[in-house]
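Below: one structure in structure tokens.
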Amino acid sequence: MPHKQIKPEIKELARNMRNEPTKAEYILWTRVLRQKRFGYIFRRQFVIDNKYIADFICLEKRLIIELDGGQHCGDENDKIRDKYLKSQNFKVLRLWNNEILNNLEGVYTKILYELEAPSPEIRDFDPSAREGERHATTGFKYYD
């Protein structure tokens, strides 16, 4: 499968976001994720399908970490985004900025838990399957 070309405007936006992180992003990146303390490689401001930019991603474990400020409280766009990312077999861990600023050890524990949890099953996504219905080949249930 050929590698998708990233749209220039999205590539530029991701680059700007990497160069101007929020305080919480900077702390999480420099004190936890960049140091490979978990034994996994994380990338920051990673473009997914020319649609979304993940704050942090571990491709090996298919884990996306999103940092949220108060503007994200109950945001419908976040729900749509998370549903799409989950349909692409990613786990999405949302953390509040104040968690990082006030409880970095607790954040570390949450990330470690998600990394050690089983990765989402790589499966053919069947949008016609109803929630809880078993996949014909794998026997796994679909949950959205």
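Within a Cβ distance under 15 Å of L104, other residues only, what is the Lys/Arg minus Asp/Glu net charge?
On the way: positive: K23, R31, R34, R37, K110; negative: E25, E99, E105.
That sum, taken over residues with Cβ under 15 Å, equals +2.
Give me Rg over Rh for segment 1-60, both radii from the alpha carbons and Rh done the Kirkwood way, two decimal places. List each step's numbers first, then the result.
Working: Rg = 12.4 Å, Rh = 12.4 Å.
Taking Rg over the Kirkwood Rh, I get 1.00.
Follow-up question, since we're still on this one. Apply the Debye scattering formula to segment 8-116, with a single equal point scatterer on each alpha-carbon and no solvent, then give log10 I(q)/I(0) at q = 0.11, 0.19 Å⁻¹.
-0.32, -1.04
Oh, and also: Points 7 angstrom from Cα along the Cβ direction at N103 and E60: gap in nanometres?
Going by the 7 Å Cα→Cβ label model, 2.8 nm.
Bear in mind that the values in this text are calculations on the coordinates, not laboratory data. Just so we're clear, the structure is a prediction, and the values are computed from it rather than from any experiment. Heads up, the Cβs are rebuilt from the backbone with ideal geometry, glycines too, and the neighbour counts pull from every protein chain shown.
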